[in-house]
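Enquirer: Pasting a structure here, questions to come.
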Amino acid sequence: MTIAVVALAGVFLATYLLLYKLGYIPGLACGTGDCEVVQSSRWAMFLGFPVALWGVLFYAAMFLVASAGSFGALAESLAVGRLLTVISGGGVSFSGWLTYLELAEIHAICRYCVVSAVLVLGLFALSLRDYRLHAAEQGAMGTE
Amino acid sequence: MGKAARQAKGKKQSNAKPFIGIIIVVTVIGAAALGYALTRSSATATTVDANIPAGPAEGYLIGKADAPVQVSEFADYECPACGVFATLTEPDVRTRLVETGTVAYRFYDFPLPMHKNTWAASNAAACASDQGKFWEMHDLLFATQDRWNGEATSNPRKPLTELARQLGLDLKTWESCFDSKKHYGRIKGNQAEAERRMVQQTPTFIIGNKMLAGSLSFDQFKAWVDSALKSAPKADTKPAEAARKGAEK
């Protein structure tokens with residue numbers, strides 16, 4: 001449940017950045033100009049689409065899978081936990097790469113990207129913890 | 001099914017109501033925040049004094065100078081939102097409002113300090129203006145931001161020269177103008193004009209006597225033009241132009 005809520009918050013954060021990138025929001029409430037520097041850099045695009053769009057898709061996928069895995073038949077499925085761990089693991093790698101680019105190439109830090117990196121890391125930690133608990137729980141039930 | 005499994009399943013089902021409640025709360029807060037961010041540009045329209053005399057600023061004009069609605073845009077060539085406006089909204093503004101004689105449109109450079117190559121871009125446009133191709137260069141600069149901006153290169157002269165070549169400008173003259181930086185005074189004047197008018201972000205538009213921050217869709221732009229048409233036509237930049245002409249003499 002916590003994973004779904006955190007992912008939903010991420011959907012809105014990434015949508016905000018996407019709307020800025022597409023020009024629907026005039027300026028980021030950043031405090032400094034670094035957000036705009038990062039968002040206007042050439043690394044703000046990935047495979048022809050804004051990085052923020054990939055963020056929206058990532059968080060939306062996490063939200064949908066986590067919500068589906070919270071109730072009903074999928075609630076007991078280990079596959080859901082495994083899928084969440086894999087998706088969020090990919091998110092951590094991508095986020096780590098973006099943070100590296102901010103520090104080493106762009107030389108500017110966007111605080112929304114930092115918040116997103118923290119969210120992604122949190123999602124990965126939660127997914128891994130849930131998966132392990134679930135696996136242990138099912139192992140215990142198997143030996144009951 | 002074992003006892004532990006039944007307990008786990010029961011626990012998950014009992015969590016459904018608070019889960020949905022939390023999701024609704026997060027959705028409402030998120031949607032409200034996005035809604036606020038999206039509508040902020042039109043909500044920040046402020047009334048400005050149309051009679052403020054201008055400094056040595058000199059905007060680039062398109063349309064009839066005495067059109068009933070005077071529009072000024074303050075923009076930075078490296079700003080993404082300015083690029084979106086220039087490529088998506090501005091073509092419609094030109095064909096449906098400028099070419100029909102409703103709007104006189106003036107572009108003022110407002111180079112922001114965090115953009116490394118924006119001065120070079122303004123300079124490139126000013127030099128293209130000398131050969132009567134300001135608006136062509138303006139459009140090309142916004143359409144190719146990622147080729148010459150501060151993140152793409154630390155030496156913008158080369159990609160900007162390529163744009164000048166693409167427009168068919170006399171390259172020798174353009175390069176001589178670009179290198180001499182003779183238009184920096186005009187760019188600085190336009191920047192000072194933006195600061196004097198308390199422009200906070202780019203793009204910012206003054207439509208009639210309303211100042212609007214942020215990119216606008218054509219419908220939004222047209223609504224403000226219609227509003228200006230009803231209230232105070234011919235009120236905005238005429239004093240600015242008069243002051244400029246006075247300063248030139």
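The values are calculated or read from the model by the stated rules, or taken from the named source; none is laboratory data. Keep in mind the model is a prediction, meaning the values are calculated, not measured. Here the Cβ is made from the backbone with ideal geometry for all residues, glycine too, and neighbour counts use every protein chain on show.
Enquirer: Could you grab me the full set of residues in region B:93-117 that are aliphatic (A, V, I, L, M) and either within 13 Å of another protein chain (Cβ to nearest Cβ) or in a helix (DSSP H, G or I) (or both)?
Expert: If the condition is that a residue be aliphatic (A, V, I, L, M) and either within 13 Å of another protein chain (Cβ to nearest Cβ) or in a helix (DSSP H, G or I) (or both), then B:V93, B:L97, B:V98, B:L112, B:M114 are the ones that fit.
Enquirer: Look through A:V120, A:V65 and report the one residue that is among the β-branched types (V, I, T), at pLDDT 90 or above and within 30 Å of B:A152 (Cα to Cα).
Expert: The conditions single out A:V120.
Enquirer: Which residue out of B:F74, B:F85 is among the aromatic types (F, W, Y), surrounded by 12 or more Cβ atoms within 10 Å (Cβ to Cβ) and at pLDDT below 90?
Expert: Numbers: B:F74 fails: at pLDDT below 90.
So the residue among B:F74, B:F85 that is among the aromatic types (F, W, Y), surrounded by 12 or more Cβ atoms within 10 Å (Cβ to Cβ) and at pLDDT below 90 is B:F85.
Enquirer: May I pose another question? Taking into account only those residues within region A:47-60 that are under 11 Å from the mean Cα position of the chain (by Cα) and either in contact (Cβ under 8 Å) with a residue 40 or more places away in the chain or within 12 Å of another protein chain (Cβ to nearest Cβ) (or both), which is surrounded by the fewest Cβ atoms within 10 Å (Cβ to Cβ)?
Expert: Residue satisfying both the conditions and the ranking: A:A60.
Enquirer: Okay, moving on. Need the failing condition index for B:R197 against (1) within 14 Å of chain A (Cβ to nearest Cβ); (2) surrounded by 19 or more Cβ atoms within 10 Å (Cβ to Cβ); (3) over 25 Å from B:D130 (Cα atoms), just the number.
Expert: With (1) within 14 Å of chain A (Cβ to nearest Cβ); (2) surrounded by 19 or more Cβ atoms within 10 Å (Cβ to Cβ); (3) over 25 Å from B:D130 (Cα atoms) applied to B:R197, the lone miss is (1).
Enquirer: Can you name every one of the helices (runs of 4 or more DSSP H) wholly within region B:142-192 that holds 2 or more residues which are modelled with pLDDT of 95 or more, in contact with a Phe, Trp or Tyr (Cβ under 9 Å, 6 or more places away or on another chain) and not aromatic (F, W, Y)?
Expert: Passing ranges, in order: B:157-166.
Enquirer: If you check A:A117, A:A125, which single one turns out to be under 17 Å from A:A14 (Cβ atoms), free of Cβ contacts under 8 Å to residues at least 24 places away in the same chain and of a type outside the set (D, E)?
Expert: Answer to the check: A:A117.
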